[in-house]
Amino acid sequence: MAQEMIQEFLQLRKAYIDQTLTRLNPMQRKAALTTQGPLLILAGAGSGKTTVLIQRIANLVLFGQAYTSDKIYGTVTQQAVDLLRQAVQTGKEPAGFEEIVAPMLSVGAVRPWNVLAITFTNKAAGELKSRLESRLGQAGQDVNASTFHSACVRILRRDAERLGFPKSFTIYDTDDQKRVMKDVYKELMVDDKFLPPRSAMSQIGRMKDQLISPKDAMASPADTKEGLIAKIYDLYSRKLKAAGAMDFDDLIYHTVCLLQDNPDVLEYYQQKFRYILVDEYQDTSIAQFHLVRMLASGHNNICVVGDDDQSIYRFRGATIENILNFEQHFPGAQVIRLEQNYRSTSHILDAANCVIKNNSGRKGKTLWTENGQGEKIQHYVAENEQDEAYHVAMTIGANLKQGAHLKDHAILYRMNAQSGPVETYFARAGIPYKIVGGQRFYDRKEIKDVLAYMAIVANPRDDLRLRRIINEPGRKIGGTTLDRMAEIAGGLGISMLEVCRHAADYPALARGAKAISGFVEIYDQLCRAHDTMPLDTFVTELLDITGYKAMLNADKEKGQDRLENIGQLISSVRTYADQKGPEASLAGFLEEVALISDIDSYDEESDVVVLMTMHAAKGLEFDYVFILGMEEGVFPSDMCRFSDEELEEERRLCYVGITRAKKRLYLSSSQSRMIFGRTQRNRPSRFLDEIDPGLMDEEMSPALQRQASRSWGSNRLFSDDSYPTNSRAGRSTLGSYGQGFGGGASRPQPTSGRTRPAAQQSAARPAGGAQAGRTMGFGGGFAAGSQRPAAAPAQAAASKGAAFQPGDTVDHKVFGRGKVLKVTPVAGDTIVEIQFDKVGVKKTMANYAPIQKVEE
DNA sequence: ACTAGCCACTTTTTT
DNA sequence: AGTGGCTAGT
């Protein structure tokens with residue numbers, strides 16, 4: 001009898017646990033319930049892997065191994081069985097459940113702080129934590145979730161001294177690295193033509209990713225160049241160590257060294273992290289693999305999630321082999337594939353599959369979905385990048401009319417530089433947007449200066465940062481003095497600041513001694529301020545003590561902007577201090593700044609169009625996705641011309657880009673594009689050719705259609721000579737032209753040059769032709785397609801600006817209705833200030849903004 | 001020591 | 001094309 005009761009309890013317990021996973025499909029469920037031993041989850045794009053990760057952690061914390069175990073902690077009573085049955089049947093926990101049944105539901109439940117989850121970005125870590133918190137309450141916050149880099153910093157902060165680094169070591173960014181490298185080049189008298197510093201830096205980085213020490217590198221140089229790199233690597237490392245600094249790669253490298261050389265430290269972390277999860281495993285490096293394997297070798301509970309088709313960071317040292325060879329690295333590993341996609345329409349998914357199947361060396365999987373076909377993918381052939389930007393804006397406008405929001409739209413591209421034309425267009429048209437990536441806020445000069453001041457207070461050994469600000473504002477401490485100082489410091493093996501303190505003792509510094517002691521005075525003042533004040537007050541005070549504020553106040557041009565930026569920095573210090581409470585520290589803040597990336601601050605709630613690279617878009621999803629620059633030489637990039645491996649990486653990147661889209665995907669290629677200061681004509685990307693034509697509609701820029709009709713006789717523009725592989729574009733152009741011509745509705749439009757002298761036009765506005773084309777396009781679009789662009793551009797521009805008067809009611813495609821407040825003519829255009837009903841006052845450019853006068 | 005002007009280089013992607 | 005770093009001149 002008792003045995004039957006126990007059996008029933010076990011069955012009910014299993015059912016109950018199952019019930020907590022109701023939203024998972026069978027494969028996802030299996031992944032969430034497989035808690036012991038090595039596990040590889042091959043998760044295709046949009047397969048719900050984040051949900052699985054969360055459910056898996058929740059299952060660990062709430063139930064441990066109860067799902068598969070026959071153990072029961074406590075005595076099974078009829079009451080317990082009844083309560084549990086009731087919970088299973090009703091889906092609700094009855095009174096008494098918590099006290100009587102809950103303790104019997106778990107077998108070896110895992111304490112949340114014994115779980116380590118590694119994510120790719122800080123943002124992903126934050127999201128994981130907050131979703132865990134809503135599932136598990138406080139326990140969710142106790143789970144360790146962070147990036148490799150932040151996890152390593154935390155480990156190193158405890159024990160950096162064992163490696164000969166101060167606990168408050170500085171983290172060097174790329175810019176800092178470059179400066180050190182410059183010194184190294186000077187000291188070793190390396191010719192930077194023979195070996196570009198960038199190349200040396202990246203090769204050194206790759207060595208660190210492979211756990212090759214400077215000694216290893218020096219021991220077996222394959223040729224002179226490698227020998228030289230080894231020497232550079234060695235000196236570079238010594239310099240960083242002397243400065244008490246680590247670069248990004250060092251954070252991983254030194255952590256691995258620390259754990260390898262200190263069994264007690266390793267054991268501590270093996271005990272601490274009993275369950276390890278690694279997301280985006282396809283983008284881990286060799287060093288990261290070793291780190292994971294060392295940590296996991298205690299309990300062997302290692303779960304990695306990834307998609308070999310989404311490996312896009314090889315250039316940064318990621319080795320796709322980690323995921324391909326997981327089963328060899330961790331014997332007995334189970335593998336679970338998640339291939340059902342919940343994100344995209346089947347058209348989009350099929351297109352992604354079309355592209356990626358051209359890669360070799362894949363684990364191989366095919367995503368499928370139960371979502372409908374959806375609309376076809378659109379391929380827009382633009383005349384140039386302005387036309388491309390214009391088309392994006394128009395399409396977004398049309399989507400908004402259908403009820404979509406700005407934030408549902410993402411514009412993706414290969415390189416940050418491609419954001420420019422779109423940005424310009426959006427800014428003028430008043431379309432709200434945000435760029436993710438590009439130059440970071442923290443990369444601004446004034447910010448880096450203030451941070452450098454903060455850094456030398458935290459780490460007096462940081463010579464590099466000292467050099468940055470010792471004469472900023474000017475204190476009559478010049479290059480010669482600094483070089484001598486560096487020499488003395490190097491000779492004595494002490495920091496430059498230490499040399500400054502005794503400047504008078506060194507004859508070489510006699511001339512600058514007074515200025516130097518003035519700086520030391522300032523430095524000591526800073527330290528006192530730091531010791532006695534809250535962090536944000538300290539930074540505010542710092543600006544006064546150092547004279548930095550006075551310097552900016554004196555600068556009429558850029559001073560105010562820069563002070564505003566610094567104001568932002570101070571408020572982020574305040575936010576940090578509020579968040580961390582008594583835990584807040586200067587080093588902690590600097591560390592957060594060093595490791596933060598732009599994507600981390602991306603806020604998906606704010607209703608703006610978002611622009612970013614496809615790399616940055618990894619892990620995100622949007623209803624409407626635009627991928628710009630689908631051209632050979634742009635995407636795939638020119639850099640991978642000679643390497644199949646790199647071409648495959650580009651293709652994976654394309655796969656990532658396509659699979660970001662939920663509802664609609666817009667691809668565009670441009671016939672000509674200004675790139676690196678040159679106008680190029682690229683043929684459409686091979687990735688376009690790889691997509692089944694049945695999945696895609698093609699649309700050609702109106703400007704190109706007109707051109708096509710003009711050159712039809714000579715048949716030059718789309719001859720097979722100029723577009724060898726673009727027969728599809730050629731056909732459809734002719735097709736659409738043919739229709740227009742056949743219907744007699746359209747005649748070749750006059751060129752802009754005919755109605756306005758070409759010389760005058762180009763003098764007034766270099767890209768006048770293209771811009772005029774856009775302006776007209778907008779007009780046509782807003783007149784519901786009834787108007788054909790026909791007027792001369794100069795007139796169109798002038799008349800459009802003049803069409804608005806204060807008091808007019810206008811309709812803006814993005815902001816809706818509004819009243820014109822003010823009209824200000826400017827060179828070639830008109831600023832129209834509008835009070836909108838919903839979004840307040842905005843300024844727009846008449847020629848660019850999607851506005852139309854409304855008769856009342 | 002500082003400034004102005006010139007040249008060269010940039011850009012593939014980022015923790 | 002733009003920026004940043006470097007040189008030469010004051």
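The values are calculated or read from the model by the stated rules, or taken from the named source; none is laboratory data. None of these values were measured; they are calculated from a predicted model. Positions of Cβ are backbone-derived with ideal geometry, glycine not excepted, and every protein chain shown enters the neighbour counts.
The table below gives the values:
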item	result
A:LEU688 being assigned to a strand (DSSP E or B), under 25 Å from the mean Cα position of the chain (by Cα) and either free of Cβ contacts under 8 Å to residues at least 40 places away in the same chain or crowded, with 21+ Cβ neighbours inside 10 Å (or both)	no
Any pair with Cβ under 8 angstrom, 6 or more apart, that starts in the stretch A:173-194 at a residue that is hydroxyl-bearing (Ser, Thr, Tyr) and ends at one that is within 13 Å of DNA strand C (Cβ to nearest atom)	A:TYR185/A:ASP192; A:TYR185/A:PRO197
Subset of the stretch A:9-50 that is hydroxyl-bearing (Ser, Thr, Tyr) and not in a loop (DSSP other than H, G, I, E, B) - its residue that is nearest to the chain's Cα centre (by Cα)	A:THR50
Positions within the stretch A:161-178 being under 19 Å from A:ASP463 (Cα atoms) and surrounded by 15 or more Cβ atoms within 10 Å (Cβ to Cβ), in sequence order	A:PHE165, A:PRO166, A:SER168, A:PHE169, A:THR170, A:ILE171, A:TYR172, A:ASP173, A:ASP176, A:GLN177
Enumeration of residues in the stretch A:56-90 that are part of a loop (DSSP other than H, G, I, E, B), closer than 19 Å to A:LEU136 by Cα and touching a helix residue (DSSP H, G or I) at 6+ places or on another chain (Cβ under 7 Å)	A:ALA66, A:TYR67
Residues of the stretch A:665-682 satisfying the condition of being more than 15 Å from DNA strand B (Cβ to nearest atom) and either in a strand (DSSP E or B) or within 23 Å of the chain's Cα centre (by Cα) (or both)	A:LEU665, A:TYR666, A:LEU667, A:SER668, A:SER669, A:SER670
Given (1) part of a helix (DSSP H, G or I); (2) within 16 Å of DNA strand C (Cβ to nearest atom), index of the condition A:LYS476 fails	(1)
The stretch A:183-199, residues that are within 12 Å of DNA strand B (Cβ to nearest atom) and not in a loop (DSSP other than H, G, I, E, B)	A:PRO197, A:ARG198, A:SER199
Output for the stretch A:665-680, where each listed residue is away from DNA strand C (no atom under 12 Å from the Cβ) and either surrounded by 18 or more Cβ atoms within 10 Å (Cβ to Cβ) or basic (Lys, Arg) (or both)	A:LEU665, A:TYR666, A:LEU667, A:SER668, A:SER669, A:SER670, A:GLN671, A:ARG673
Residue within the stretch A:369-391 that is basic (Lys, Arg), away from DNA strand C (no atom under 16 Å from the Cβ) and crowded, with 20+ Cβ neighbours inside 10 Å present	no
Any hit, the stretch A:524-544, residues being surrounded by 17 or more Cβ atoms within 10 Å (Cβ to Cβ), within 16 Å of DNA strand B (Cβ to nearest atom) and not aromatic (Phe, Trp, Tyr)	no
Test: A:ASP234 is closer than 24 Å to A:ASP463 by Cβ and out of contact with any Phe, Trp or Tyr (no Cβ under 9 Å at 6 or more places or on another chain)	yes
Matching residues, the stretch A:407-427, being crowded, with 19+ Cβ neighbours inside 10 Å and of a type outside the set (Phe, Trp, Tyr)	A:ASP408, A:HIS409, A:ALA410, A:ILE411, A:LEU412, A:ARG414, A:GLN418, A:SER419, A:PRO421, A:VAL422
Condition met for A:ILE204 (in contact with a Cys (Cβ under 9 Å, 6 or more places away or on another chain), closer than 28 Å to A:GLY588 by Cα, of a type outside the set (S, T, N, Q) and within 15 Å of DNA strand B (Cβ to nearest atom))	no
Options A:ALA382, A:ALA389, A:ALA393, A:ALA398: the member that is small (Gly, Ala, Ser), farther than 25 Å from A:THR679 by Cα and away from DNA strand B (no atom under 16 Å from the Cβ)	A:ALA398
Selection count where residues are part of a helix (DSSP H, G or I), more than 29 Å from the chain's Cα centre (by Cα) and within 16 Å of DNA strand B (Cβ to nearest atom), scope the stretch A:546-602	8
Filter pass, A:LEU291 being surrounded by 17 or more Cβ atoms within 10 Å (Cβ to Cβ) and more than 15 Å from A:VAL115 (Cα to Cα)	yes
Single residue of A:ALA417, A:ALA427, A:ALA452 found to be within 16 Å of A:VAL610 (Cβ to Cβ) and within 15 Å of DNA strand C (Cβ to nearest atom)	A:ALA427
When residues of the stretch A:501-510 are limited to those that are surrounded by 13 or more Cβ atoms within 10 Å (Cβ to Cβ) and without any contact (Cβ under 8 Å) to a residue 24 or more places away in the chain, the one nearest to the chain's Cα centre (by Cα)	A:ARG501
Hits in the stretch A:184-196 - residues which are within 14 Å of DNA strand C (Cβ to nearest atom), over 23 Å from A:HIS254 (Cα atoms) and surrounded by 15 or more Cβ atoms within 10 Å (Cβ to Cβ)	A:TYR185, A:VAL190
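Conditions (1) modelled with pLDDT of 85 or more; (2) within 16 Å of DNA strand B (Cβ to nearest atom), marked per residue:
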{"site": "A:ARG428", "(1), (2)": "no, no"}
{"site": "A:GLY438", "(1), (2)": "no, yes"}
{"site": "A:ALA455", "(1), (2)": "yes, no"}
{"site": "A:ALA458", "(1), (2)": "yes, no"}
{"site": "A:GLU472", "(1), (2)": "no, yes"}
{"site": "A:GLY479", "(1), (2)": "no, yes"}
{"site": "A:GLU498", "(1), (2)": "yes, no"}
{"site": "A:ALA513", "(1), (2)": "no, yes"}
{"site": "A:SER517", "(1), (2)": "yes, yes"}
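One line per residue, one yes/no per condition, for (1) within 14 Å of A:VAL625 (Cα to Cα); (2) among the charged types (D, E, K, R); (3) in a loop (DSSP other than H, G, I, E, B):
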residue	(1), (2), (3)
A:SER360	no, no, yes
A:GLN386	no, no, no
A:VAL392	yes, no, no
A:SER419	no, no, no
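One line per residue, one yes/no per condition, for (1) among the basic types (Lys, Arg); (2) at pLDDT below 90; (3) over 18 Å from A:ASP387 (Cα atoms):
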{"position": "A:ILE599", "(1), (2), (3)": "no, yes, yes"}
{"position": "A:ASP603", "(1), (2), (3)": "no, yes, yes"}
{"position": "A:SER606", "(1), (2), (3)": "no, yes, yes"}
{"position": "A:ALA617", "(1), (2), (3)": "no, no, yes"}
{"position": "A:ILE658", "(1), (2), (3)": "no, no, yes"}
{"position": "A:LYS663", "(1), (2), (3)": "yes, no, yes"}
